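Peer 1: Below you will find the structure I want to go over with you.
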Amino acid sequence: MQIGELGYEVVERKPEKQFDAVVCFDALHHIFQDVEGLTRVLGDIRRIMRDGGVLLLTLLCAHEYSARTVPENRLNLNEDQAHALFETSFTNDETLVRKSKPVFVESTLTADLDGQIVEAAYRSKRVLVLVRL
């Protein structure tokens with residue numbers, strides 16, 4: 001199941017303990033623009049996973065876009081906030097891997113400050129966690 005194609009509502013409607021593994025790569029910052037919404041998403045992902053399941057999540061944070069591009073539809077936590085969000089969401093679970101690394105995207109399309117679609121570059125940090133529930 002690819003949530004990006006179906007929408008987050010699919011996760012909300014799923015019964016508890018349906019999946020042994022979930023992977024969410026560089027998508028979480030697009031789902032909600034606030035920590036409360038993202039916390040709800042992580043709680044729902046946790047809810048639909050079976051005990052002993054494995055969860056691999058990445059969250060892009062600390063975005064720095066090229067001139068005149070500041071996307072409004074993305075959550076932009078700093079690296080410490082991203083790690084804290086994962087720690088709080090999975091406190092009773094076993095964190096197998098927790099790390100972060102810099103990311104540079106040379107060319108992407110985004111909206112500029114006037115709302116026009118433009119080519120831009122950005123730097124971010126990718127925070128990764130691998131958790132056994």
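The values are calculated or read from the model by the stated rules, or taken from the named source; none is laboratory data. All figures in this text were calculated on a predicted structure; none of them were measured in a lab. Reconstructed Cβ throughout: ideal geometry from the backbone, glycine too, with neighbour counts over all protein chains shown.
Peer 1: Can you tell me which residue in segment 115-133 is farthest from the chain's Cα centre (by Cα), limited to those that are farther than 30 Å from M49 by Cβ and touching a residue at least 24 places away in the same chain (Cβ under 8 Å)? Let's see the steps before the verdict.
Peer 2: To start, the set of residues in segment 115-133 that are farther than 30 Å from M49 by Cβ comprises 115-123.
From what is left, the residues that are touching a residue at least 24 places away in the same chain (Cβ under 8 Å) are 118, 120-123.
Working: V118: 23, A120: 21, A121: 19, Y122: 17, R123: 16 Å.
Only one residue tops the list, namely V118.
Here is a yes/no grid of residues against (1) surrounded by 12 or more Cβ atoms within 10 Å (Cβ to Cβ); (2) within 20 Å of D34 (Cβ to Cβ); (3) aliphatic (A, V, I, L, M):
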position	(1), (2), (3)
L59	yes, yes, yes
Y65	yes, yes, no
N73	no, yes, no
D80	yes, yes, no
E87	yes, yes, no
F104	no, no, no
S124	yes, yes, no
V127	yes, yes, yes
R132	yes, no, no
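Peer 1: Within segment 75-133, restricting attention to residues that are modelled with pLDDT of 95 or more and in contact with a Phe, Trp or Tyr (Cβ under 6 Å, 6 or more places away or on another chain), which residue is nearest to K17 (Cα to Cα)?
Peer 2: V131
Peer 1: Restricting to segment 1-20, count the residues that are modelled with pLDDT of 80 or more and closer than 22 Å to T88 by Cβ.
Peer 2: 3
Peer 1: Which of (1) touching a strand residue (DSSP E or B) at 6+ places or on another chain (Cβ under 6 Å); (2) free of Cβ contacts under 8 Å to residues at least 40 places away in the same chain is the odd one out, the single condition A82 does not satisfy?
Peer 2: Looking at each condition in turn, A82 falls short on (2).
Peer 1: State whether the residues of segment 61-73 include one that is under 30 Å from E16 (Cβ atoms), modelled with pLDDT of 90 or more and out of contact with any Leu (no Cβ under 7 Å at 6 or more places or on another chain).
Peer 2: no
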